[in-house]
1. Taking the Cβ of each residue in C:Asp205, A:Asp151 as the centre, tally the other Cβ atoms inside 10 Å and list the residues starting with the fewest.
2. In terms of modelled amide H atoms, which long-range or inter-chain residues lie less than 5 Å from the amide H of A:Phe13?
3. Along the charge dipole of the stretch A:42-197, which of A:Gln59, A:Ser154, A:Leu170 sits closest to the positive end, that is, farthest toward it, with unit charges on the beta carbon of Lys, Arg, Asp and Glu (+1, +1, -1, -1)?
4. Once amide H atoms are built 1.01 Å from N in the peptide plane, which residues 5 or more positions from A:Thr94, or in another chain, come under 5 Å H to H?
5. At 7 Å along Cα-to-Cβ for each site, give me the label-to-label distance between B:Thr175 and B:Leu22 in nm.
6. May I ask what percent, to the nearest 5, of DSSP beta bridges between residues of chain C are antiparallel?
7. First select every other residue whose beta carbon is under 12 angstrom from the beta carbon of A:Leu168; then total the charges, Lys and Arg +1, Asp and Glu -1.
8. Chymotrypsin sites (Phe, Trp or Tyr not before Pro) within the stretch B:146-231: which are DSSP loop residues with at most 12 other Cβ atoms inside 10 Å?
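Coordinate-derived values only; no laboratory data. Quick caveat, the model's predicted, so the values are computed rather than measured. With ideal geometry, Cβ positions are generated from the backbone for all residues, glycine too; neighbour counts draw on all protein chains shown.
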Amino acid sequence: MTLLEVHGVTKTFGSLVAVNNVDLTVAPGELRAIIGPNGAGKTTFFNLITGFFPPSSGQIMLDGKDITRATAVQRIGMGMARTFQITQIFPELTTRENIQIAAETAMGLRLRPWIGRAERAAVAERVDESLVASRLTEQANRLVGELSHGDQRSAEIAMALALKPRILLLDEPTAGMGEQETFQVAGLIRRLHKHTGYTIMLVEHDMRVVFNLADRIMVLTEGTLLAEGTPQEISENPAVQAAYLGTAA
Amino acid sequence: MSTTTAPGAMAAKPAAGGWLHLVVIWAVLISAPAWMGYIGGYDALASQVLIFGLAAMGLNLLLGFTGVMSFGHAAYFGLGAYGAGFVLRYWVHSTPLAILCGILLGTVAGVTFGALMMRRTGIYFAMLTIAFAQICYYIAYSWNSVTGGYDGLRGFSRAPLHLGSYVIDIRGNGTLFYYFVLFVFAICTGLMGLLLRSPLGRTMIALRENSQRARFLGIPVEQHVWIAFILSTFFTSVAGALYALLNNFADPTALYYVISGNIVIMAVLGGMLSFWGPLLGAAVFVVLENEISSMTVNWMSFIGVIFVAVVLFFPRGLLGFLRRRSA
Amino acid sequence: MIALEAEGLNTFYGKSHILYDVGLKVEEGSITTLLGRNGAGKTTTLRSLVGLTPARSGKVTIFGKDTTRTPTYRIAQMGVGYVPEGRKIFAHLTVEDNLRVPMERPGPWTIDRVFKTFPRLAERRMNKGRQLSGGEQEMLSIGRALLLNPKLLILDEPSQGLAPLIVQEVFKIVQQTKADGMSVLLVEQNVRASLEIADYAFVLDHGIMGWSGTAADLMKDEERIQELAGASAEEWSFDDDLSAQEAVALSHQPTTVA
Amino acid sequence: MLTLVLFNLTNGIILGLFYVLMALGVSLILNLSNVINFAHGNFLALGGYFAFSLAPYLGYWGAFIVAPILVGVIGVIVEQTMIKRVYPRPHVYSLLLTFGLAFIIQDMCRTIWGVNGLPLSIPNALNSPLSNQFFFLTGYRIFLVAVVIVAVAALFAFLGFTRVGTRIRAGTFDLDTVSALGINIGLLRALNFGLGIGLAGLAGVLAGGQIGLNPNMGDDLVLPSFIAIIIGGIGSLTGTLVGGLIIGIASAVTSIWWSAGSEVIIYIMMVIILVARPRGIMGEEGMMT
């Protein structure tokens, strides 16, 4: 059984081939990591899956449905949620309000110019759960733009959680973070995965994060698939070693 | 889409201010006819402040709260005025119907133009708003037989209000009319305040803060820009309808792009990141314009200097400036 | 002689503090490489050095002149060539027009010489920038910077997204520029390849300069290299226990495991 | 009948040329500096008035050359003292700034040259009709067409073939990189602004000889020039030229059978283009939208 299937997707920008004929299948409950050197096409691949732009060719399926041409908003409605390499939040709003916007959208309230008491309570409950799950309860009423880097990233993940997605896609969740913050965010991802069976796909540079979290890893170089396998298999793969450590010029 | 977020933006809360603020604001507005005379004002000027304040607050739903730039709100202001005028001139002598028709005309235009523009962003969107406003101006200007062309739509006057058997005659009485305007203004600002606390209002602020994040939470950005645009044109057209009732005429200058610029400068001058800022901006601008135009023939230069000075020296507006000072 | 020296740079993007007291030095006639993991602040360091994102505090000296507050174009005119991350080709201009943009300082590099050095570019002279492959764009970006006839060449991840053969070519060019007497500051993710050609190395970690020394010394430090490449697989022990409240909250998330 | 058709057509073409000249100036500034210049029509008026005041000393031809340059210089001064301060800010500020400038310049013109219209006299050689039947085909109109063609060709040659022109085109794409290549982008923007304003000044001198001078003579050309840019596609100067020509020709053709419709048609065309080709005729994905 697969949740996400990608068949031979290619993306070109002008004459640049950013992603070249890549396949991928992600099983429910799997934590899949995509690694590769800078410029290998990881983020482009990620953007194709989340509907940032359409592929030049190939097919993307979610839960057996073809979503190749679906818009980002449609994909989110079908159960995708994503975070970004550079944290994307609503900086001048509080952490609670950030998550509340996500919750209200997911609950189909975004067009409502008013809401009743019961709905308000349901929203509050969902927001509280996201806050608790991401350990942000104490930061709930602070402006999210003023939180630490790690907490901002946690808040972004909490917004994704409030969507109650079926698959969580994280683009370099620990990019630009210190040791402690990396550990904090990695811990959150691991808890989510371990205790809820969340299907998670992440792009990551920090090998420690990847090897400590992932069930399976795929390696991209120059837009093509170099290797795929368990962390054990990948760490022993000579081609991956070469791609990462660089061949002497 | 953060085209309008001011540098060093302070947190713009949807809240309409604390209780103390509200009490002060409403006390000032309610008592205005009593003290306007002492500072050289008059009832019609006070009504004008409220009307332009409402127009600027309506624009600010878009500019300050959704972060989308419109430089063509004269269209909806002017159509509101013409809509009200058409009813009184050609149809029935009813003030409420006139206002409703003004709202209808302005908002329908907002729905239509908004649909054509909603996929465009940034400066492209701004240019389109200007162009669409010019279309309205052009129609009003050249469709002589209906709109009265250059001279405007004249020969109507506001009608008394009938509340059951009780009649409020707002025709000749400036003070009574002021309170009527204040009543409509209160309803509109109340609606805006509620809107900004609702899920729909929060999506607008979400677009201003980070439209990409909003899209990837499942908010269809273009659709919500459109809705924000429509809501904004709704309130601006209410103001336009009141403007026609105030003057007892509607002319093409209400649709001219100068009015668009004035409404924007009012919002920026007061502080577009606060709920009440545009009202303050309207008060300052309307009173200054009134004073200056009676003092000198070079009033245009003074108005121009106000624009330039606000941009160069008070980009956060008066409220932003005061808050920074006190902070 | 020192081509470039930076001391105590603190750089911000908006409110976020990116560089913390960063210092580095490029000896004249050397290749100095700046290494570090993704997001460590390498690109920001370069942008601060050339004045595109000026540091809030600290000091930059280039060829003995304080350039901390000097605008970017003046730094370039002093003889600093900058090859930005992602190449930043003018996509809507032809190859030839791309080469006509830089200020021409006197020196051996002319458009003709660039075409001789990079024959592929000569063939595509009338093509638009967006029609070039990644390797061709990199050549164009380097060629464009060389037209300034720089004394110091700053390159930001020139190997990014390129095939190994092309990477080798790019590194040969970098070595060639050193032979021509230029000083080079090279930001790279390709750790081994850059250490191979570099004289000195600096390692940036989370906006802090963590290590500096000769490239040869760093080459011997296998553990550090592994870590730099992001290839270390040290095991972490997580505290996965949940509070009761957290367990309840998480239990309400949809699980795709049946 | 033929006379009438030709009469309207010539009028339309002349108007279209003014659209082109104005739109190219607005577009130059918009593309490199991301500023919509509301005051562009007022710089046009300044061009006409400068020519009027200079003509007694320099003669018509001297004024014809000097006035646009002088207006361009004033444009540079305005850019350096005010406009450049809002470059890093959101669009609303540059719009408001040029809006305010429009008021100030217009009022200056009123104060200095008076509210009433003034004639800008042109050399007799240009003034006479070429034939009695086609009284509207004056030498001046042919001269006007020629000047606009030469000016537009010169502008495109400058942008296409000179280094500074290439740098301006590069700058519309990525100013940071241009500055890292040793180019003073502050100067580049000032020059470009002056160039755009100079075109308005030239349009003013030409318009003055055609319709005379008054303080708001440029106002009616500003919005059509925005439309020309929207139709042509924001970010593309060639698009602006095409857009300007299209609305010019469309209004010329419309005016043959409906002389009051020459302005209506450009708005109708804008709506059609918006629906059919949202980025404009030459607009590209991702360019300045």
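1. Values: C:Asp205 17, A:Asp151 22.
Going from sparsest to densest Cβ surroundings: C:Asp205, A:Asp151.
2. A:Ala18
3. Working it through, the farthest residue towards the positive pole turns out to be A:Gln59.
4. Placed amide hydrogens put A:Val144 under 5 Å from A:Thr94.
5. Reported label-point gap for B:Thr175 and B:Leu22 is 2.8 nm.
6. Values: 22 of 40 bridges.
That works out to approximately 55 percent antiparallel.
7. +1
8. none
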